[in-house]
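In what follows, a single structure is set out as structure tokens and then discussed.
Here, each number is a calculation from the coordinates, and none is a lab measurement. Please read these numbers as outputs of a predicted model, since none were measured by experiment. Cβ sites come from the backbone with ideal geometry, for glycine too, and all protein chains shown count toward neighbours.
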Amino acid sequence: MRKGVKGAVVTTACVVLLGGAGYGGYNILSAFGSDDVGVFAADPDDPLDADDVQEASSAFFDAWEKGDGYAAAAATNDETAAGPVLDGMAEQASVGDVRITPGKAKGPTVPFTVRATVSANGRSKALTYASELSVVRGRTTGKPLVDWAPSVVHPRLKEGDTLVTGPSEAPAIEAVDRNGKVLTAEKYPSLGPILDQLRERYGASAGGSPSVDLAIRHQAPDTPDTTLLTVSEGKAGTVRTTLSASAQEAAEKAVEQYEESSLVALKPSTGEVLAVANHRSDGFNAAFQGQLAPGSTMKIVTAAMLIEQGVTSADGAAPCPDTAVWQGQTFENITGLTPNENATLSDSFARSCNTAFIKLIDEVEDDTLTRVAEDRFGLGRDDWKTGIVSFDGSVPPSGGPDRAANAIGQGQVQLSPLNVASITATAKTGTFRQPYLVSPEADDRELATARGLAPAVAQQLRRMMRLTATHGSGRAAMAGLGPDIGAKTGSAEVDGQKLPNSWFTGYRGDVAAAAVAQQGGRGGEAAGPMVAAVLRATG
């Protein structure tokens, strides 16, 4: 393939060439100066060859190794964005002595290893990591250039992030469980982002002193720095959590079974969180912050509303037909569910019959479910103070088809596993106790309150949840867990997914847990065994 060349061309020759029809996909730039020099450039759509990839990556690596960030940026296709990041490697991050070892290119992609030194306050530490870049042609010049992305500089950098070296925002912490056992991200991977939040919130008051770190400062709000390397150690302060190391270990193993899964376990008698685990590629604490339709686990709240409002009772009528129509929208049950026109609320709850709940929703006002969720279960008021960032749930008042869909955990209802575990805890005890991961005594914060359930309502919910766990849709998952148990399954349909999100919540004695496995299918099949494993480990 011809490459772009720069050569001296006499003016008369240029006239002839411009009038010709050749030169394939190459253009002649209109860049003739007084010395009659013309510049030939490749077409931006021309394929790259190995020499192009070598040329672009070498120019980038050479400038980076020399510490000339803006020259390295000039070798990319976005010099404006790349310049401050690359220059900041030396200026703000104190990264020097950079040596880059390219790997074997795979097409336009070049893997490479960075070895460098981070220096601060007279101390130095070696830094080694792997990354990769891709080469593309510039859209105006056709020149091979590095396709810019912050992850080229470091694989954990995202748009808007910066690398900095200096005293940590907060002193290091040593988080311990309820019995004083040290909790580390190495042993409990799900806790990595949570430990970062605990350090940010409690590090300054935990008795420690700052370390000097190379860290990623994130653009996203409420996101603590991500430490990449500690140049000099500080003194760690101790932060006591409510977690149980044994419950956390069981939760970590449980979520490993499904991608994009999350789980929370807590004590209904106190609200103390015993375990929080996530199996996600993005590090997001969906167990506390997720906002997903909870499927039929929402029927715990809806059943409480129906009983409280006198619409029906655990032993009252709740017929389960094949379909139910609400304001022009037809609702169906899960495949294979046999209709039962003589069903009670307990029967329809235990088998998770959607149509039974849809047919009863006409007996209450548009905002009744919202009021019960807020006043009885403490949901949706944005006042939970768990010790880390969390979502309080959302059960907005809705009219039209969404009013019926909300009743079965679809529509506009959004909950996290933390919220669903709390719902179960409230049903178990009749009392709402706001979940928390760090005791409120650590920072004098006030926990949220709610009225909880009338004793008769809570007693009927427990009966229905026990029936679900022993003879209903939760029976297989809860088998062998003993007499003081209850459960509710859920499957939440999501547009664009082949399988619904699998939800399950249950209690055993003084432990309640909830889990979701995105695209896991039916609640009892994926999320159910996850919850049961943690309940079994804490029994």
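Spin-label model, D382/D443: points 7 Å from Cα along the beta carbon direction are separated by 1.8 nm. Find how many whole Å separate the alpha carbon centroid of segment 215-290 from the alpha carbon centroid of segment 38-93. Going from one Cα centre to the other spans 38 Å.
Seen from a random direction on average, the alpha-carbon convex hull of the chain projects onto 32.3 square nanometres.
Projecting label points 7 angstrom from Cα along Cα→Cβ for V325 and D49 puts them 7.0 nm apart. Of the residues M465, M530, the one with the fewest other Cβ atoms within 10 Å heads the list, and the complete ranking is M465, M530. Inter-part distance, segment 462-539 to segment 391-454, computed on C-alpha centroids, equals 18 Å. Provide the net charge surrounding S473, with neighbours chosen by a C-beta distance below 14 Å and charges set as Lys +1, Arg +1, Asp -1, Glu -1. Around S473, the charge tally is +4.
Restricting the calculation to Cα atoms, every distinct pair contributes to the Kirkwood radius of segment 50-166, found to be 14.2 Å. For segment 369-443, averaging the sequence separation of C-alpha pairs within contact (under 8 Å, six or more residues apart) and dividing by the residue count gives a relative contact order of 31 percent.
Short-range pairs are left out: with C-alpha atoms under 8 Å and at least six residues apart, the relative contact order of the chain is 11 percent. Applying 1/(1 + (r/R0)^6) with r as the Cβ-Cβ distance of I334 and D282 and R0 = 35 angstrom yields a FRET efficiency of 0.70.
Across segment 246-538, the relative contact order, built from alpha-carbon pairs under 8 Å that are at least six residues apart, equals 24 percent.
Length gained on full extension, S58 to A81, computed as 0.36 nm times the residue gap minus the Cα-Cα distance: 6.3 nm. Among K299, K66, K488, K498, the order by Cβ neighbours within 10 angstrom, fewest to most, reads K498, K66, K299, K488.
Taken one residue at a time, the phi angles of segment 426-440 give Karplus couplings (6.51, -1.76, 1.60, θ = phi - 60°) of 5, 5, 5, 9, x, 10, 7, 10, 4, x, 8, 9, 10, 4, x Hz. Gly and Pro are set to x.
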